[in-house]
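Have a look at the structure below, then the notes.
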Amino acid sequence: VNANEFIETCKQKMDTGDYDNYVNSIKETSRLVLDDLGQEYSTDFTQQVFYNLIDYRYSNYLPTLITTNKTRPDLVLSLGGATVDRMFDVNMCKQVLMKGVSLRMKGLD
């Protein structure tokens, strides 16, 4: 799920009363890929939603792959320290730094 689309869908589901079912389906999926984390507009709401999601998956040892082009300090600013601490726990998480030219920018230089 794209992180920004996830937040937008959460907001829509709040209006329809289906928020809990939607968020629980994402939280409890056997494997989650959370794409482009940190691109969404940071608010108290987004910070709380991502904390709840990541904390649940962290606490239940559920496989979660997170992609982002943000640095750790940037993520702390947008998501909060507690959320980022769970994402960077060296005992449970593995970080893979992808280096190279963005495919979107290839040929523009």
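Any chance you could count how many residues in the stretch 87-103 are open to solvent by less than 90 Å² (accessible area, probe 1.4 Å) and either in a loop (DSSP other than H, G, I, E, B) or in contact with an Asp or Glu (Cβ under 8 Å, 6 or more places away or on another chain) (or both)? Break it down into steps so the answer makes sense when it comes.
From the stretch 87-103, those open to solvent by less than 90 Å² (accessible area, probe 1.4 Å) are 87-89, 92-93, 100, 102; that's our starting set.
Retained after the next criterion (residues that are either in a loop (DSSP other than H, G, I, E, B) or in contact with an Asp or Glu (Cβ under 8 Å, 6 or more places away or on another chain) (or both)): 88-89, 92-93, 100, 102.
Going through the stretch 87-103 one residue at a time, the tally reaches 6.
Of the residues 33, 23, 84, only one is crowded, with 16+ Cβ neighbours inside 10 Å, within 25 Å of residue 99 (Cα to Cα) and modelled with pLDDT of 95 or more; which?
Values: 33 fails: crowded, with 16+ Cβ neighbours inside 10 Å; 23 fails: within 25 Å of residue 99 (Cα to Cα).
Checking each option against the conditions leaves just 84.
Run residue 25 past the list (1) touching a residue at least 24 places away in the same chain (Cβ under 8 Å); (2) over 19 Å from residue 95 (Cβ atoms); (3) not β-branched (Val, Ile, Thr) and report the number of the one that doesn't hold.
Going through the list (1) touching a residue at least 24 places away in the same chain (Cβ under 8 Å); (2) over 19 Å from residue 95 (Cβ atoms); (3) not β-branched (Val, Ile, Thr), residue 25 breaks only (1).
Pairs please, first residue from the stretch 48-77 and in a helix (DSSP H, G or I), second anywhere and β-branched (Val, Ile, Thr) and at pLDDT 95 or above, Cβ atoms under 6 Å, 6+ apart in sequence or on different chains.
Correct list of pairs: 50/83; 51/83; 54/83; 57/64; 75/84; 76/84.
Can you give me the number of residues within the stretch 53-67 that are open to solvent by 60 Å² or more (accessible area, probe 1.4 Å), polar (S, T, N, Q) and closer than 12 Å to residue 30 by Cβ?
Filtering the stretch 53-67 down to residues open to solvent by 60 Å² or more (accessible area, probe 1.4 Å) leaves 56, 58-61, 63, 65.
From what's left, polar (S, T, N, Q): 59-60.
Subset that is closer than 12 Å to residue 30 by Cβ: 60.
The number of residues fulfilling the criteria is 1.
The values are calculated or read from the model by the stated rules, or taken from the named source; none is laboratory data. These numbers were taken from a predicted model, which means no experiment stands behind them. FYI the Cβ positions are ideal-geometry reconstructions off the backbone, even for glycines, and counts take in every protein chain you see. To get the accessible areas, we keep the full protein, side chains included, count just its heavy atoms, and leave off ligands, DNA and RNA. Shrake-Rupley method; radii C 1.70, N 1.55, O 1.52, S 1.80 Å.
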